[in-house]
1. Got at least one residue in segment 135-142 being more than 14 Å from the ligand (Cβ to nearest atom) and within 23 Å of Ile17 (Cα to Cα)?
2. Scan segment 35-82 for residues that are of a type in the set (A, V, I, L, M) and surrounded by fewer than 19 Cβ atoms within 10 Å (Cβ to Cβ) and report the count.
3. Working carefully through the options Thr94, Thr116, find the one that is β-branched (Val, Ile, Thr) and free of Cβ contacts under 8 Å to residues at least 40 places away in the same chain.
4. For Phe159, state whether it is surrounded by fewer than 18 Cβ atoms within 10 Å (Cβ to Cβ), within 11 Å of the ligand (Cβ to nearest atom) and under 14 Å from the mean Cα position of the chain (by Cα).
5. Please go through segment 162-182 and give me each residue that is over 17 Å from Ala138 (Cβ atoms), open to solvent by 20 Å² or more (accessible area, probe 1.4 Å) and touching a residue at least 12 places away in the same chain (Cβ under 8 Å), ordered by number.
6. Being more than 12 Å from the ligand (Cβ to nearest atom) and open to solvent by less than 10 Å² (accessible area, probe 1.4 Å) is true for just one of Ala125, Ala117, Ala185. Which residue is that?
7. So which residues in segment 142-164 are under 15 Å from Asn177 (Cα atoms) and of a type in the set (Gly, Ala, Ser)?
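The values are calculated or read from the model by the stated rules, or taken from the named source; none is laboratory data. Here the structure is a predicted model, which is why all the values come from computation and not from measurement. Cβ placement follows ideal geometry from the backbone for every residue including glycine, while neighbour counts extend to all protein chains displayed. Ligands, DNA and RNA are excluded from the accessible area calculation, which covers all protein heavy atoms including side chains. Shrake-Rupley method; radii C 1.70, N 1.55, O 1.52, S 1.80 Å.
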Amino acid sequence: MERVIFATGNEGKMREIRAILADTYPEILSMKEAGIETDTVEDGKTYEENALIKARAVAAAAGELVLADDSGLEIDYLGKEPGVYSARYLGEDTPYSIKNAELIRRLEGVPEEERTARFVCAIAAVLPDGREITVRAAIEGRIGYEEKGSNGFGYDPIFYVPEFGKTTAELTEEEKNQVSHRGKALRLMKEELKKL
Ligand code: IMP
């Protein structure tokens, strides 16, 4: 299988995905590039369920290998919020500068050691014969005190990675892909697909 469709409309994600899958799949299409439009409701309770909902919807229209991801930010102090609701937190169309500021406000006065958080990513694959695979990975970090960095997207400017002493928005794309939830999950998925 040389071609894969990735069921996302998020360009930030597509860039990361292309960089990681390029060595295995010469052609990686977004839904838009594949000319597929779906209107799915991501109402699963887990990242895996949501990734499968997206992948199945596109697979039904495509008839070829489809991958989809679902990801989110879990902040321990907030009971793992926003979690699977990360994209919808404070409203889907609310700018991330506002979402990030609100999360920082909710952690006001919370000491460093209690600001632990992780990005989680599940990836689902639906094969042309209907087989389904899911994998999951995470990156551990802490919520910062202000936004830092302008790379990446979403919650990256407030997600501080202790090993780098930087937020994921201050990492280069290459650095982020090596350690990120999505990078790790994509590499796990590549391994699973190779076994078939
Ligand atoms: P999804 O597109 O439904 O998977 O939603 C993912 C949500 O988690 C979005 O709100 C993203 O901003 C956030 N998110 C997931 N991965 C990352 C990341 O690598 N950096 C920043 N935010 C992320």
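1. First pass over segment 135-142, keeping only residues more than 14 Å from the ligand (Cβ to nearest atom): 135, 142.
If we keep only those that are within 23 Å of Ile17 (Cα to Cα) too, we end up with 135.
Checked against the condition, which is being more than 14 Å from the ligand (Cβ to nearest atom) and within 23 Å of Ile17 (Cα to Cα), segment 135-142 yields at least one hit.
2. So the first thing to find is which residues in segment 35-82 are of a type in the set (A, V, I, L, M), and the list is 36, 41, 51-53, 55, 57-62, 65-68, 73, 75, 78.
Right, trim to surrounded by fewer than 19 Cβ atoms within 10 Å (Cβ to Cβ) and you get 36, 41, 60-61, 78.
Residues that pass the stated criteria total 5.
3. On the way: Thr116 fails: free of Cβ contacts under 8 Å to residues at least 40 places away in the same chain.
On inspection, the qualifying residue turns out to be Thr94.
4. On the way: surrounded by fewer than 18 Cβ atoms within 10 Å (Cβ to Cβ): no; within 11 Å of the ligand (Cβ to nearest atom): yes; under 14 Å from the mean Cα position of the chain (by Cα): yes.
Answer is no for this residue.
5. Once the filter is applied, which keeps residues that are over 17 Å from Ala138 (Cβ atoms), open to solvent by 20 Å² or more (accessible area, probe 1.4 Å) and touching a residue at least 12 places away in the same chain (Cβ under 8 Å), segment 162-182 yields Lys166, Glu170, Thr172, Glu173, Glu174.
6. After ruling out the rest, the residue left standing is Ala125.
7. Gly152
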